[in-house]
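The values are calculated or read from the model by the stated rules, or taken from the named source; none is laboratory data. Bear in mind the structure is a predicted one, so any value in this text is a computation, not a measurement. With ideal geometry, Cβ positions are generated from the backbone for all residues, glycine too; neighbour counts draw on all protein chains shown. All accessible areas refer to the heavy atoms of the entire protein, side chains included, with ligands and DNA or RNA removed. Shrake-Rupley method; radii C 1.70, N 1.55, O 1.52, S 1.80 Å.
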Amino acid sequence: MRSVGALAAAALLVAGLAGCDRGGPKFHNTDVTGSGIAKDGFTLTDHTGATRTLADYRGKVVVMFFGFTHCPDVCPTTMVETAEAMKLLGPKAERVQVLFVTVDPERDTPEMLAKYVPAFHPRFVGLWGDPETIARTAKDFKVFYQKGQQSSSGSYSIDHTAGSYVFDTEGRLRLFTRYGVGAQALADDISQLLD
């Protein structure tokens, strides 16, 4: 579920970068190279219990999405689309790592992530942290999320930023992908970063 504030911030970022002709690749998604977002990367726990940082994936293009396993629409749609992009990449997909960072650490335990995330693609990795770590990581990535009102049954939803971040093989943040951009556009952009 996209937040108005997050979309407005992304629109301002796009407007600010639109006037900059870098003369480099032409991406379908928003080029955020040099934006300073998430300059310190992250330290989170993967769904097997291992501590992970961005440096663990050096040499690969990293696609990083913030979501939650109880999400009814945006998260599963994004994961399916990203899995389809991996298929479109063919052998190049071996050099891509997709990371799903939970914004619901209370319900999304590492065990839950281990069932949910690889169901979309066996090489996708779920990342978890305690609520404070997730809040700090989301802030570093300029990701909005907010828990909705809890129902009488105890269920709740979470509004959150609906795009993904893409890092190049050197660990530099390069792209912000829009929700629903399509598997082909994502695959094209990843392919350019791999080339």
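I'm trying to understand the selection: among the residues of segment 137-152, which are basic (K, R) and either surrounded by 14 or more Cβ atoms within 10 Å (Cβ to Cβ) or touching a residue at least 60 places away in the same chain (Cβ under 8 Å) (or both)?
K142, K147
Among residues of segment 144-195 being among the acidic types (D, E) and touching a Pro at 6+ places or on another chain (Cβ under 9 Å), the one that is farthest from E84 (Cα to Cα) is D195.
Restricting the first member to segment 109-122 and to residues that are in contact (Cβ under 8 Å) with a residue 24 or more places away in the chain and within 12 Å of T82 (Cα to Cα), and the second to residues that are in a helix (DSSP H, G or I) and open to solvent by less than 40 Å² (accessible area, probe 1.4 Å), the beta-carbon pairs closer than 7 Å and six or more apart or on different chains are F120/M79; F120/A83; H121/A83; H121/M86.
Residue-by-condition table, conditions (1) at pLDDT 95 or above; (2) under 15 Å from T137 (Cα atoms); (3) open to solvent by 50 Å² or more (accessible area, probe 1.4 Å); (4) not in a helix (DSSP H, G or I):
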{"position": "D40", "(1), (2), (3), (4)": "no, yes, yes, yes"}
{"position": "R52", "(1), (2), (3), (4)": "yes, yes, yes, yes"}
{"position": "D56", "(1), (2), (3), (4)": "yes, no, yes, no"}
{"position": "V63", "(1), (2), (3), (4)": "yes, no, no, yes"}
{"position": "F66", "(1), (2), (3), (4)": "yes, yes, no, yes"}
{"position": "C71", "(1), (2), (3), (4)": "no, no, no, yes"}
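Selection of segment 95-106 for residues being within 28 Å of D195 (Cα to Cα) and open to solvent by 20 Å² or more (accessible area, probe 1.4 Å) yields only R95. If the condition is being over 18 Å from the mean Cα position of the chain (by Cα) and outside any loop (DSSP other than H, G, I, E, B), then segment 132-150 contributes E132, K147. I need the full set of residues from segment 90-108 which are closer than 26 Å to H160 by Cβ and over 18 Å from the mean Cα position of the chain (by Cα), in order please. Answer for segment 90-108, where residues must be closer than 26 Å to H160 by Cβ and over 18 Å from the mean Cα position of the chain (by Cα): E106, R107.
Listed residues S155, S191; which is open to solvent by 20 Å² or more (accessible area, probe 1.4 Å), farther than 22 Å from A135 by Cα and either more than 17 Å from the chain's Cα centre (by Cα) or in contact (Cβ under 8 Å) with a residue 12 or more places away in the chain (or both)? Just a single option satisfies the conditions, and that option is S191. When segment 107-130 is filtered for residues that are in a helix (DSSP H, G or I) and open to solvent by less than 60 Å² (accessible area, probe 1.4 Å), the ones remaining, listed by number, are P110, L113, A114, Y116, V117, P118.
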